[in-house]
1. Name the one entry in Tyr63, Tyr59, Tyr33, Tyr41 that is within 19 Å of Arg311 (Cα to Cα), among the hydroxyl-bearing types (Ser, Thr, Tyr) and more than 16 Å from the ligand (Cβ to nearest atom).
2. Residue by residue through segment 176-208, note down the ones that are within 16 Å of the ligand (Cβ to nearest atom), touching a residue at least 40 places away in the same chain (Cβ under 8 Å) and more than 17 Å from the chain's Cα centre (by Cα).
3. Among the residues of segment 255-274, is there at least one that is in contact (Cβ under 8 Å) with a residue 24 or more places away in the chain, in contact with a Phe, Trp or Tyr (Cβ under 7 Å, 6 or more places away or on another chain) and assigned to a strand (DSSP E or B)?
4. Only residues in segment 53-76 that are under 21 Å from Gly248 (Cβ atoms) and of a type in the set (Val, Ile, Thr) count as the first member; pair them with residues that are more than 8 Å from the ligand (Cβ to nearest atom) and part of a loop (DSSP other than H, G, I, E, B), Cβ under 7 angstrom, at least 6 apart or cross-chain, and list the lot.
5. Just wondering, is there one or more residues in segment 232-247 that are part of a helix (DSSP H, G or I) and under 19 Å from the mean Cα position of the chain (by Cα)?
6. Anything in segment 67-111 that is aliphatic (A, V, I, L, M) and either within 16 Å of the ligand (Cβ to nearest atom) or surrounded by 13 or more Cβ atoms within 10 Å (Cβ to Cβ) (or both)? List them, or say none.
7. Contact list please: Cβ distance under 9 Å, first residue in segment 314-327 and closer than 20 Å to Arg275 by Cβ and of a type in the set (Ser, Thr, Tyr), second residue exposed (fewer than 11 other Cβ atoms within 10 Å of the Cβ) and at pLDDT 95 or above, pairs at least six apart or on different chains.
8. Just name the residue that is farthest from the ligand (Cβ to nearest atom) out of those in segment 112-156 that are within 21 Å of the chain's Cα centre (by Cα), hydroxyl-bearing (Ser, Thr, Tyr) and over 25 Å from Asp297 (Cα atoms).
Amino acid sequence: MNSRIGIDDARELWLHASDEELKRLAQDIRARYHEPDRATYMVMRIINYTNVCVAQCDYCAFYVLPNQDGGYVLSREDVFAKIDELVEFGGDLVAFNGGFNPRLPLDYYCDLFASVRERYGDRVEFYALTIAEFVFLSDRAKLSYADAAARLRDAGVHWVTGGGSEILTEDFRKRHAKWKYTVRDYFEAQRAIVESGMKTTATMVIGFDETLDERLEHLQRTRDFQDETGGLFSFLCWTYKPYGTAFGGREISPPEYWRHIALSRIFLDNVKHVRTSVLTQNEDAFRALDYGADDFDLPIEDEVTQKAGARIDLDLDGLLSIPRRLGYTVEYRRAERPAALTA
Ligand code: SF4
């Protein structure tokens, strides 16, 4: 397949293509970027620096409101201890992810990230925030996205990832997360991150009540953004965990996840890496390598998804034996420093 597929083709493939056909088409696109029998991975930890949040997304089991019992903000020492433990595990990537905490000013983030960069240098890379948090803290600071991005970059930040995107349609946002951000804000903020020289990624979460058309709209917007900016390093898709959330619901099946990974790989022909989610799919995540994924994380902590039912397996050798048994050579991948920020 040489030409790019459109929304109608994608809908047709989802509804009528066999698993084997989807796999073959996805592997064709994968082969443009990667050797067929090779996959890469990282060992990482998500540090949830605060659980206080005013966004009140109905699919979230993690947050508490300001003034409610159980709210916390991690100290710098707590953060360092978590990073040290990750390093002992052999990992070198941290992703900071927390709630929309109105008591934390932009200076809190800049000080925290500068202290992490100062202590660990380039030995440990970190995803500073998600685009969702970045939108919130820019608005709170009354700064343009460009100015807020410059502040973070000057504090030593290299990456602000595309997390917190779930499904990028305005209807979905209104149904489930009306105080989080608008789709327009999301992409404007992400564009500012790219233009500042930092790196970013695309993400997606499926398994709520989103329609097929909403999934396809999300993919279309992602591909358009990549056409315009070239700033997306990777696309990671994971699945909604419904336990303990206000919205509730049921988990989707692994085969539905694998098919969606294949469709994403085919549609996002301009994104180099398609990543499968061990955090939410556990052992079943590795089968997605056959459906076009090429890369994955082995996370040792993420309170957000664990609170909603995710299970973390710390037997990393045991996990890595699964893709090997499927016929893949797996190699460790270090997070890259953006070329624009090379010292
Ligand atoms: S998903 Fe994130 S933004 Fe939404 S309520 Fe939970 S912590 Fe807050």
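The values are calculated or read from the model by the stated rules, or taken from the named source; none is laboratory data. Computed from a predicted model, the values in this text were never measured in an experiment. Methodologically, a virtual Cβ is constructed for each residue, glycine included, from the backbone with ideal geometry; neighbour enumeration extends over all protein chains shown.
1. Answer to the selection: Tyr41.
2. His176, Ala177, Trp179, Asp185, listed by residue number.
3. Looking for residues that are in contact (Cβ under 8 Å) with a residue 24 or more places away in the chain, in contact with a Phe, Trp or Tyr (Cβ under 7 Å, 6 or more places away or on another chain) and assigned to a strand (DSSP E or B), one finds at least one in segment 255-274, hence yes.
4. Going by the 7 Å Cβ cut-off, the qualifying pairs are Val64/Gly70; Val64/Gly71.
5. From segment 232-247, those part of a helix (DSSP H, G or I) are none; that's our starting set.
Within segment 232-247, none of the residues are part of a helix (DSSP H, G or I) and under 19 Å from the mean Cα position of the chain (by Cα).
6. Let us first name the residues in segment 67-111 that are aliphatic (A, V, I, L, M), namely 73-74, 79, 81, 83, 86-87, 93-95, 104, 106.
Listed by number, the residues that qualify are Val73, Leu74, Val79, Ile83, Leu86, Val87, Leu93, Val94, Ala95, Leu104, Leu106.
7. Pairs found: none.
8. Only one residue tops the list, namely Tyr145.
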